[in-house]
Amino acid sequence: MDPRARREKRPSLLDSRGRQPKRSQQGGHMEKPIGRTRWAIAEGYIPGRSNGPEPQMTSHETACLLNASDRDAQVAITVYFSDRDPAGPYRVTVPARRTRHVRFNDLTEPEPIPRDTDYASVIESDVPIVVQHTRLDSRQAENALISTIAYTDRE
């Protein structure tokens with residue numbers, strides 16, 4: 001048989017029970033959103049200096065927000081400090097079925113996040129989202145990158 005005449009079959013996607021997933025699970029809309037509406041990042045710190053080209057190597061803290069639902073997520077971030085009242089809420093929108101990486105360095109309204117200061121944050125959304133926290137510390141030529149999933153309680 002001529003190899004050009006033969007069509008190669010693409011492997012089918014099957015769920016854990018060997019069934020074809022519904023259309024909405026094959027790259028379309030999700031039937032059930034994933035994530036939670038309230039998250040906490042207990043550790044935060046933006047170094048006051050950086051080493052390397054900006055903006056890529058600027059020391060920063062980032063909340064990576066995934067909205068896999070069919071509705072835009074209205075997100076409010078409140079920042080807590082050890083020695084003063086909280087700041088915020090900082091408001092961002094994560095469009096439906098999109099991700100948004102929010103650098104805490106870039107949050108300015110209602111006030112900038114202070115550098116060289118310990119803080120924590122609570123992230124609340126009107127639709128379920130997933131939150132991951134990352135930090136790039138480039139104070140030295142040998143950079144450090146940390147990442148962790150944020151905490152959420154059962155809703």
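Throughout, read-outs are computed from the coordinates displayed, never taken from laboratory work. No experiment lies behind these values; they were computed from the predicted model shown.
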Contour minus end-to-end for A96 and Y45, with contour as 0.36 nm per residue of separation and end-to-end as the Cα-Cα distance?
-> 15.4 nm
Subtracting the Cα-Cα distance from 0.36 nm times the residue separation, let me have the gained length for R103 to I34 in nm, one decimal.
-> 22.6 nm
